[in-house]
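Written below as C-alpha cells is the structure these notes are about.
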Amino acid sequence: MFRKLIGVYIILGLVSVSVFTLTINNELDELDEDMEEYSERKGKILFPFVSIVRFANTDCANTNVMNGTCLARRECNNLGGTITGTCANRRGRCCVVSRGCGTTTNVNNTYFSSPGYPAAFGGGAACSIIVNRCNNNVCQLRIDFLDMVLAQPNGDGNCVTDAITITGGNTVVPVICGDNTGQTIYVDFNGNAAITISIAATPATAFRRRWNIRLVQLGCDCPGIAPNGCLQYYRGATGTINSFNYGGTANTGLSASLVTGTRQLANLNYGICIRMEAGFCAIQYAQNGGLFTFTVSGDVEGADNTVLGTAVGAANDGACTTDFVVIPNPTVVATGVAVGTDRFCGLGFVPVSSAAKPFVLYVVTNGDEGATINSPPDVANRGFSLAYTQIAC
Ligand SMILES: [Ca+2]
Ligand SMILES: [Ca+2]
C-alpha cells in the first residue's frame with residue numbers, strides 16, 4: 001500500500017514536471033537560456049527544482065557601433081529592443097534599445113537618434129526624449145554625442161536654428177548646436193526627476209542634420225562618474241579638448257556687427273574636469289596644430305599667419321572680458337615663470353601648466369560677438385582645440 005502511494009506521487013510528480021516544462025517551453029521558448037536547470041531525483045524529490053540563472057546586465061559589444069546591454073531575451077523584447085548577439089556565455093542576449101522623438105526611456109545604453117537616421121533629417125517639431133533613472137543607485141547621465149550634426153549658430157554664436165536643450169538635471173547645461181560629434185557631457189540627476197533632452201530642428205532652414213546619442217546611466221559608485229557639476233570629464237594622461245562646435249570651417253553667417261560670424265557658441269559658463277591620474281601632479285595645456293585652434297576673441301580675418309596661433313595673437317588678463325578660458329594659477333611652460341593671471345583669450349595660446357587641483361578648465365563666453373565700448377567685434381572665431389598632458393610627480 002505504502003509503495004503504491006509512493007508510486008502515485010512519483011507519477012503525479014512526473015506529470016507536473018512535464019506540464020511545468022511544457023508551460024515554460026511555450027511561454028519562454030528558451031528554457032535552456034533564460035531559466036534553466038531543473039532536476040529531479042526520482043523517489044526522493046517529487047517536485048521539480050527550478051533555479052533562475054542570473055547574469056550581470058553589463059555592456060555588450062556587437063558588430064556595429066552600438067553597444068547593448070546583456071539581458072534575457074524576453075526582457076529585451078519587452079523593452080522593444082533589438083537583439084544583436086549573445087552574451088554571458090550565451091545565456092543572455094545583447095540588447096540594443098533605440099528610441100526616437102517623443103519617447104521615454106529608463107534603460108541604460110538607450111540610443112536616441114534623429115528620424116530616419118543615418119539619413120539626413122530635414123527638420124520638424126522639437127524632438128525630445130525623457131530619461132528616467134533605471135534605479136535609485138543611478139546618479140548621473142552620460143550623454144555621448146556619437147554623431148551630432150546640427151545647423152550652425154547665427155553669426156553671434158546663438159543657436160537660433162537648431163538647438164539641444166537639456167533640462168531636469170542638477171547640472172546647468174548650455175544650449176549647444178552645430179558640429180558636436182565626439183563630444184560627451186555629464187548631467188547629474190536631481191533625485192528622481194527625469195532629464196529631458198530636446199532637439200529643435202527648424203525645417204525652414206534647409207540643412208542635412210542628423211544625430212545619434214548614447215545615453216549611459218552611471219551608478220553613484222561607478223568609477224566612470226564625473227565629479228559633481230563637471231559638464232565634461234576627461235580621463236587619461238593625455239587628451240584633446242575641443243570647445244563645442246569647434247571645427248575646421250568658418251561659419252557662413254554674419255554677426256550682428258555685419259562681419260563674418262563665429263562658430264564659437266555664446267553664453268557658455270562651464271567646467272571641464274580632468275581626472276588626475278595616478279603618479280601625476282600637474283597638467284599642461286597647449287593649442288593643437290593649425291592657425292585657428294585657439295581663436296576665442298579678436299579678428300581672425302584681420303590677422304595674418306604671424307599672429308594667428310602665435311604668442312603675438314595670445315591675450316590674457318584684463319584683455320579677456322567677453323570670451324575666455326580660465327586655468328588656475330598657471331606657469332608658462334617655456335620659462336617656468338608664473339603667468340600672474342588665470343584668463344586666456346585672443347587668437348593664440350602660449351603653453352601653460354598648472355599644479356592646482358583638481359584639474360579644471362573653465363570656459364566662458366558672453367551673449368554675442370559684437371563690439372563693446374573698448375574693443376571692435378570678434379570676427380570668425382572658432383573656439384579652441386587644446387591638447388592636455390599630465391605631468392608626472
Ligand atoms: Ca569670441
Ligand atoms: Ca562673445
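The values are calculated or read from the model by the stated rules, or taken from the named source; none is laboratory data. Everything quoted here is computed from the prediction, not taken from an experiment. Quick reminder, even Gly has a Cβ in these numbers, built from the backbone with ideal geometry, and neighbours come from all protein chains shown.
May I ask you to verify whether ARG133 is in contact with a strand residue (DSSP E or B) (Cβ under 9 Å, 6 or more places away or on another chain) and closer than 30 Å to THR295 by Cα?
no
Just checking, does the stretch 276-289 include any residue being surrounded by fewer than 21 Cβ atoms within 10 Å (Cβ to Cβ) and within 15 Å of ligand 2 (Cβ to nearest atom)?
Taking every residue of the stretch 276-289 in turn, none turns out to be surrounded by fewer than 21 Cβ atoms within 10 Å (Cβ to Cβ) and within 15 Å of ligand 2 (Cβ to nearest atom).
Restricting the search to the stretch 372-393, which residues are within 12 Å of ligand 1 (Cβ to nearest atom) and either closer than 18 Å to ASN242 by Cα or part of a loop (DSSP other than H, G, I, E, B) (or both)?
Across the stretch 372-393, the qualifying residues are PRO376, PRO377, ASP378, ALA380, ASN381, ARG382, GLY383, PHE384.
Go through the stretch 265-361 and tell me which strands (runs of 3 or more DSSP E), entirely inside it, have 2 or more residues that are away from ligand 1 (no atom under 14 Å from the Cβ) and closer than 24 Å to ILE185 by Cβ.
Counting at least 2 such residues, we get 269-274, 280-287.
Do we have THR252 as within 14 Å of ligand 1 (Cβ to nearest atom), under 22 Å from ASP368 (Cβ atoms) and surrounded by fewer than 17 Cβ atoms within 10 Å (Cβ to Cβ) here?
For THR252, the condition - within 14 Å of ligand 1 (Cβ to nearest atom), under 22 Å from ASP368 (Cβ atoms) and surrounded by fewer than 17 Cβ atoms within 10 Å (Cβ to Cβ) - is not met.
Residue-wise test of (1) at pLDDT 95 or above; (2) within 13 Å of ligand 2 (Cβ to nearest atom); (3) surrounded by 19 or more Cβ atoms within 10 Å (Cβ to Cβ); (4) in the same structural domain as TYR246 (by TED's automatic domain parsing).
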position: ASP299; (1), (2), (3), (4): yes, yes, no, yes
position: GLY313; (1), (2), (3), (4): yes, no, yes, yes
position: ASN316; (1), (2), (3), (4): yes, no, yes, yes
position: ILE327; (1), (2), (3), (4): yes, no, yes, yes
position: PHE349; (1), (2), (3), (4): yes, no, yes, yes
position: VAL352; (1), (2), (3), (4): yes, no, yes, yes
position: LYS357; (1), (2), (3), (4): yes, no, no, yes
position: TYR362; (1), (2), (3), (4): yes, no, no, yes
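In the list ARG142, ARG74, which residue meets the criterion of being assigned to a strand (DSSP E or B) and modelled with pLDDT of 90 or more?
On inspection, the qualifying residue turns out to be ARG142.
For the stretch 105-126, name all the residues that are in contact (Cβ under 8 Å) with a residue 40 or more places away in the chain, more than 18 Å from the chain's Cα centre (by Cα) and part of a strand (DSSP E or B).
Within the stretch 105-126, PHE121, GLY124, ALA126 qualify.
What are the residue pairs meeting all of these: first residue in the stretch 210-238, first residue at negative phi, second residue basic (Lys, Arg) and not in a loop (DSSP other than H, G, I, E, B), Cβ atoms under 6 Å, and 6 or more apart or on different chains?
VAL216/ARG142; LEU218/ARG142
Could you say which residue among THR196, THR205, THR240, THR262 is of a type in the set (S, T, N, Q), within 16 Å of the chain's Cα centre (by Cα) and either within 16 Å of ligand 1 (Cβ to nearest atom) or in the same structural domain as THR181 (by TED's automatic domain parsing) (or both)?
THR196
Somewhere in the stretch 151-161, is a residue crowded, with 21+ Cβ neighbours inside 10 Å, within 16 Å of the chain's Cα centre (by Cα) and of a type in the set (A, V, I, L, M)?
No, the conditions are met nowhere in the stretch 151-161.
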